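The values are calculated or read from the model by the stated rules, or taken from the named source; none is laboratory data. Quantities reported herein were computed from a predicted structural model and do not represent experimental measurements. All Cβ positions, even for glycine, are placed from backbone atoms using ideal geometry, and neighbour counts span all protein chains on display.
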Amino acid sequence: MKTISWKSHRKEMLRDPKLRAELKRLGPEFEIAEQIIKLRLKKKMTQSELARRAGTRQEVISRIESGNANPRLDSLGKISKAFDGELKIKIA
């Protein structure tokens, strides 16, 4: 199985105008998903490993990463701790 970087995959996906429009519509949900994916790949974790560390199921992580879930703040906090990080919220 060939491994590709998130940056390369994202660049390829954004060539699709329909996908770009949907990502713009999703806004914050996409930003959350993108940050989780980037951190998970950087730390070389699978969705299952992240889920185990966050005390949830792989399916939950998959839904968040795909933008098909609107995670609660407590869930995001658990995911942040699973990365040995902290949750910060910014309103700009």
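From the residues in the stretch 18-42 that are within 16 Å of A82 (Cα to Cα) and of a type in the set (K, R), which one is surrounded by the most Cβ atoms within 10 Å (Cβ to Cβ)?
Filtering the stretch 18-42 for residues that are within 16 Å of A82 (Cα to Cα) and of a type in the set (K, R), the one surrounded by the most Cβ atoms within 10 Å (Cβ to Cβ) comes out as R40.
For the stretch 55-92, give me the residue count where each residue is under 25 Å from S5 (Cβ atoms), among the acidic types (D, E) and in a loop (DSSP other than H, G, I, E, B).
So the answer is 1.
Restricting to the stretch 24-64, give me the number of residues that are at pLDDT below 85 and either acidic (D, E) or touching an Asp or Glu at 6+ places or on another chain (Cβ under 9 Å) (or both).
Adding up the residues that qualify gives 2.
Do we have R52 as more than 11 Å from the chain's Cα centre (by Cα) and more than 19 Å from W6 (Cα to Cα) here?
Yes: the conditions hold for R52.
Among the residues of the stretch 49-87, which ones are closer than 15 Å to E34 by Cα and either among the polar types (S, T, N, Q) or surrounded by fewer than 15 Cβ atoms within 10 Å (Cβ to Cβ) (or both)?
Residues satisfying the conditions are S62, S66, N68, N70, S80, L87.
Mind telling me which of the residues L19, L41 ends up being assigned to a helix (DSSP H, G or I) and either more than 23 Å from T3 (Cβ to Cβ) or in contact (Cβ under 8 Å) with a residue 24 or more places away in the chain (or both)?
Within the list L19, L41, the selection yields L41.
Filter the stretch 1-16 for residues that are of a type in the set (S, T, Y) and outside any helix (DSSP H, G or I); which is surrounded by the fewest Cβ atoms within 10 Å (Cβ to Cβ)?
By that ranking, first place goes to T3.
Select from the stretch 55-89 the residues that are under 14 Å from the mean Cα position of the chain (by Cα) and among the small types (G, A, S) and write down the one among them that is farthest from R20 (Cα to Cα).
Residue satisfying both the conditions and the ranking: A82.
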